[in-house]
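Data block below; observations after.
Nothing in this text is a laboratory measurement; each read-out follows from the coordinates by a stated rule. Quick caveat: nothing in here was measured; it's all calculated off a predicted structure. In this analysis, Cβ positions are derived from the backbone assuming ideal geometry, glycine residues included, and neighbour counts consider all displayed protein chains.
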Amino acid sequence: MRITQTTLQKMHENHEKFAALTCYDAIFANILENAGVEVLLVGDSLGNVLHGDNTTLSVTLDDMIYHTRCVARGSSKAFIMTDMPFGSYQASPEQAFQNASRIMAAGAHMVKIEGGKIMADTVEFLARRGIPVCAHIGLTPQSVHQLGGYKLQGNSEKSAKQLLNDAKILEKAGASLLVMEVVPAKLAKEITRALAIPTIGIGAGVNCSAQVLVLHDMLGLFQGKKPRFVKDFMVGANNIQEAVANYVVAVKTGQFPGQEHEF
């Protein structure tokens, strides 16, 4: 049976954590969902891990549609969420709807958009027209140049209040999920408690409703310095399926992320 938005909401209400990973193709879609991953995120991180770019800004709408279609073909159980790429939704709610509808037609069950309260009108426009939305606050990679790099967000009293306010506004606008990236664990816990919808953390501590990592990162396939919030689950595993299963168990039991992965 296919996992749905309702499934995830009920898990959150029952204090049952769920696991998410990025996914870009049919083979991995099948591997991940059979290892117990509930949410497959077709992430614009493919610009980094597949295309070799330094940012996600070069990823196109056609790229996301193509990879969504690939993941959908390989999946029969998981909930599929797709990033809307840079430039595909910021101009207007109408632009966002036109492009999100193409992503949904390719097989996504939800779209994810970055930004705080400035995106509330777009979230509401989409949600009212039948397109489920996951909001994304904290470190928003599509705004990396404006943020001055990949840095911790919400680490001052003012910025923490702004993120909490953003989260509440986005939920009220109709967001069904909220990703928080690279924010202090204490703040992420506060936001999670303040919302009725599930939160998904990446570098946001253990008290979120769920966790997500870039697939290649959790398999130890990264170049340069390993991000603080990443754990290599291939260590001690005999194969990829086992590594993913270990990740799922660690998320569900609260063993991951540990304090060493928090800010």
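The figures follow:
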{"quantity": "Size-normalised alpha-carbon gyration radius of segment 180-222, reference 2.2 N^0.38 Å", "calculated": "1.22"}
{"quantity": "Ranked list, fewest to most other Cβ atoms within 10 Å of each Cβ, for PHE263, PHE256", "calculated": "PHE263, PHE256"}
{"quantity": "Nitroxide proxy distance, nm - points 7 Å out along Cα→Cβ at THR55 and GLU16", "calculated": "4.1 nm"}
{"quantity": "Inter-label distance, nm, simple model (7 Å from Cα along the C-beta direction), LYS186/ARG2", "calculated": "4.3 nm"}
{"quantity": "Fluctuation leader among SER176, SER75, SER159 - the chain, Gaussian network, Cα springs under 10 angstrom", "calculated": "SER159"}
{"quantity": "Of LYS161/LYS231; LYS117/LYS161; LYS117/LYS168; LYS112/LYS172; LYS112/LYS252; LYS17/LYS168, pairs whose Cα-Cα distance is over 18 Å", "calculated": "LYS161/LYS231; LYS112/LYS252; LYS17/LYS168"}
{"quantity": "For segment 135-142, 3J(HN,Hα) per residue [Karplus equation, 6.51 cos²θ - 1.76 cosθ + 1.60, θ = phi - 60°, Hz, x = Gly/Pro]", "calculated": "8, 9, 10, x, 6, 10, x, 5"}
{"quantity": "Top positive-direction residue, dipole computed over the chain with Cβ charges, set VAL182, SER75, VAL49", "calculated": "VAL182"}
{"quantity": "Gain upon complete extension [THR253, ILE240; 0.36 nm per residue less C-alpha separation]", "calculated": "2.7 nm"}
{"quantity": "Mean separation of Cα contacts under 8 Å (6+ apart) over length of the chain, as relative contact order %", "calculated": "18 percent"}
{"quantity": "Simple Cβ-charge dipole of the chain, Lys/Arg +1 and Asp/Glu -1, about Cα centre, in debye nearest 20", "calculated": "460 debye"}
{"quantity": "Centre separation in Å (Cα based) which lies between segment 12-73 and segment 93-161", "calculated": "16 Å"}
{"quantity": "Translational D in µm²/s for the chain (Stokes-Einstein at 37 °C, 0.692 mPa s, Kirkwood Rh from C-alpha pairs)", "calculated": "182 µm²/s"}
{"quantity": "Square roots of five times the Cα gyration tensor eigenvalues for segment 149-214, Å", "calculated": "16, 15, 10"}
